[in-house]
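The structure under discussion appears below in the form of structure tokens.
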Amino acid sequence: MKTFKELAKKEGPVLGLYMNFSDPAVVEMAKLAGFDFIRVDYEHILFDYKELKELVRTATLLDMPCQVRVSNIEDITKLIDQGVTGIVVPDVDTVERAREAVAATKMYPLGKRGQFPIGRFVRLAGCSTFQEYAQIANDIVTLNIQIEDKKAIPHLDQIISLPGVDMVSSGKGDISQSMGKPGQLTDPEVLAMEDLLIKKALQHGKIPLMLAASPEFVKSKMAMGAKFFSVGPDEILLLNAFKDFVKKYQDLR
């Protein structure tokens, strides 16, 4: 089972497909297209458990790391037990919220993740016993905290440096709203906070993961030291591909 920590050893950019579609065929296409991982949005998209299970199963069979953004911390245990190797917890704007995320995602000594010794995740990790799995569990399952409010700024060092936090993302839309500028994603103050998150993540030895706005955006953030990016969502990529395809024929008029 490939992990996000293994992907971190790869030369960047490391690209993940931001998934809104529930069809496992999209995971297959992402693998064939060369994406490194998938990121399923379970916070804003109305997946049911069966759909989510099939997305995770397909990603696992394709040896494609799967990251899921949860809608609540209570979902974390069942997702990891199903084979998810990356958890994204949104709205981590306080140290207390970060600690809750670590406690739910990581095993002792970092957290108190729920124990299910007969879960399929043991076999997926190539382990013969749960005891063997427990020794490597905290390396296999990565926690990505998403910081989405300017009120987190005074506490960034405490939040990001917390043991058990592996990755850091921004929520640019919510950040803009917290600044009284909803939807102004290119506002200098909003962009400055995203840059601050990248700098703080790298300073504390954590992995920044940003939503790619454009190839130019990716290039600029790679110059800062970031190399993980999510691209999409998939429905927008498909829509743009359809538009480009149709335009080629319309231009024949």
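For 160, 145, the sequence from fewest to most other C-beta atoms within 10 Å is 160, 145. You can think of it this way: the chain between residue 54 and residue 181 has 41.9 nm of extra reach, that is 0.36 nm per residue less the Cα-Cα gap. Between 173, 111, 164, the residue with the greatest mean-square fluctuation in the GNM of the chain (Cα pairs under 10 Å linked by springs) is 173.
Cβ-Cβ distance of residue 153 and residue 11, R₀ of 30 Å, FRET efficiency by 1/(1 + (r/R0)^6): the value works out to about 0.40. The Rg/Rh ratio for the range 1-137, using Cα coordinates for both the radius of gyration and the Kirkwood hydrodynamic radius, is 0.95. Pairs exceeding 27 Å between alpha-carbon atoms, taken from 151/199; 2/50; 53/243: 53/243. Derived scalar couplings between HN and Hα for the range 69-85 equal 8, 8, 8, 7, 5, 5, 7, 4, 4, 5, 5, 5, 4, 7, x, 5, 10 Hz in order, rounded to whole Hz, by the Karplus curve 6.51 cos²θ - 1.76 cosθ + 1.60 (θ = phi - 60°), x for Gly and Pro. Of the peptides 25-33, 102-110, the order by per-residue mean of other Cβ atoms within 10 Å, starting with the highest, comes out as 102-110, 25-33. With viscosity 0.890 mPa s and temperature 25 °C, the Kirkwood radius over alpha carbon pairs of the range 134-244 converts through Stokes-Einstein to a diffusion coefficient of 163 µm²/s.
For 43, 235, what ranking results if the residue with the fewest other Cβ atoms within 10 Å of its Cβ goes first? All intermediate terms of the calculation are to be shown ahead of the outcome.
Working: 43 17, 235 14.
Fewest-to-most Cβ neighbours within 10 Å comes out as 235, 43.
A short reminder: the numbers here are calculations on the coordinates, not readings from a lab. Here the structure is a predicted model, which means the values were calculated and not measured. Because the Cβ atoms are built from the backbone with ideal geometry, glycine has one as well, and the counts that use them run over all protein chains shown.
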